[in-house]
Amino acid sequence: MKKLLLTILLFLHLWKMEAQSDDCNKLGAWLWYIEITGFQTHAQIADTLSALGVKRIYVKVADGSVNTNNWPELIDVNLVNTYKSRGLEVWAWSYNYPNNPNAQAEALYKAAQTGYEGFVLDVEMEFDGLSTQVTNLFTAFANKRQQAITDGHANSNFKIYCTTWGNPDDHNFRIDLINPHVDGFMPQTYVEAWGQSYVNNLEYWINAGNVEYASLGSTKPIHHIASLEEGGMTAAQINRFIDTSGSETSIWRIPGGGVSTSLWNTWNNINWNTNFCTPSSVETLSPVASLMILPNPTTDVVNIQTGGQAGSLQVFNSTGGLIYKADIGVGTETYRLELGMQPKGIYQILFRTEQGLMLGKVVR
């Protein structure tokens, strides 16, 4: 328990340092295929994003091993310079698979040669529960970054991020093995796709993701990705998402190809120029520790150790719905929660105090 708490506190320290870097706002947008967006050129996309105030674009450059016929973006210097000339940072990203790690890592080296300023590996269901394969992949990419730096194609500011599940624990995903090789994580915290009850409690689920990543071994900054594909989130909700997640929040994905172009109306009302260099007037919720919950799993009653602090307790079911809440006064060391009338499943528990959030999970 003490080791977990130290990990969480270290993560929070690094996360806050990252959020208050010299150039504070790095809000970004993800590009999959330009062909599906309705734009004819990258200059048109760059002009549109720049006018909105988007600070960074993530451009897909590979799917598995390098194939510049399918993904010419990997070696398109003009593309990179087009975005840079509009004031955007230009990062590359690739979807990755368990086999041929060195061949896949070649994409990072070529991206650095082309002028991309960072690289994101997208690793998903193919790596669920795998140890050797995920280690080999991220080691190969880290080695290629070092080679690119040695050969003069990149410098120490060229970062590697990992994007994957917003709930990696449910996928038996080895965050601890990825952590040594990356500079940050980008959880796909797609509350829009998960359901309206998640959207209604988006601050909780962002913070729950932070704690989950830390509990699985992350000590690196967490930068959440919000999904805006179905029109299920308003601009005001996206702005709340950004305020909670921080300066490198990003949006999946640029409209087109199944994502209605009418969603540009929502994009137009997102606060892309949020000032992260000064404290926000919007209250954000910082996870400060994990809750100790016993017994876990349970068949009926659990005892939640609150440490005698006053606060508000909330319990969420597996679909994000709020099923219970209570105000707890000072001096209550342990709170007794009855779950016997609830269906079997996983329940998320939030205890909000003046110091921040304590989060936990219990299985019934």
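The values are calculated or read from the model by the stated rules, or taken from the named source; none is laboratory data. Remember, predicted model here, so these are calculated numbers, not experimental data. All Cβ positions, even for glycine, are placed from backbone atoms using ideal geometry, and neighbour counts span all protein chains on display. Heads up: the accessible areas ignore ligands, DNA and RNA and are worked out on the full protein's heavy atoms, side chains in. Shrake-Rupley method; radii C 1.70, N 1.55, O 1.52, S 1.80 Å.
Brief remarks on what is shown
- All positions within the range 241-279 that are part of a loop (DSSP other than H, G, I, E, B), closer than 22 Å to Gln40 by Cα and open to solvent by 70 Å² or more (accessible area, probe 1.4 Å): Gly258
- Of the residues making up the range 308-322, just one is open to solvent by 50 Å² or more (accessible area, probe 1.4 Å) and not polar (S, T, N, Q), namely Leu322.
- Taken over the range 295-304, residues that are surrounded by 15 or more Cβ atoms within 10 Å (Cβ to Cβ) and more than 13 Å from Lys361 (Cα to Cα) amount to 0.
- Criterion: more than 16 Å from Leu291 (Cα to Cα) and either polar (S, T, N, Q) or modelled with pLDDT of 90 or more (or both) - qualifying residue of Leu339, Leu322: Leu339
- Subset of the range 162-181 (residues that are at negative phi, in a loop (DSSP other than H, G, I, E, B) and out of contact with any Leu (no Cβ under 8 Å at 6 or more places or on another chain)): Gly166, Asn167
- Among residues of the range 132-161, those that are assigned to a strand (DSSP E or B) and aliphatic (A, V, I, L, M), counted: 1
- Pair list, Cβ < 6 Å and 6+ apart or interchain, from the range 196-212 residues that are more than 15 Å from Glu230 (Cβ to Cβ) and acidic (Asp, Glu) to residues that are modelled with pLDDT of 90 or more and open to solvent by 10 Å² or more (accessible area, probe 1.4 Å): Glu212/Asp169
- Tyr335 under 17 Å from Glu212 (Cα atoms), assigned to a strand (DSSP E or B) and hydroxyl-bearing (Ser, Thr, Tyr): no
- Restricting Gly345, Gly331 to residues that are under 30 Å from the mean Cα position of the chain (by Cα) and surrounded by fewer than 16 Cβ atoms within 10 Å (Cβ to Cβ) narrows the list to Gly345.
- For the range 216-240, filtering for residues that are touching a strand residue (DSSP E or B) at 6+ places or on another chain (Cβ under 9 Å), part of a loop (DSSP other than H, G, I, E, B) and under 20 Å from Asp176 (Cβ atoms) leaves 5.
- For the range 187-201, a residue qualifies if it is in a loop (DSSP other than H, G, I, E, B) and of a type in the set (Phe, Trp, Tyr), and exactly one does: Tyr190.
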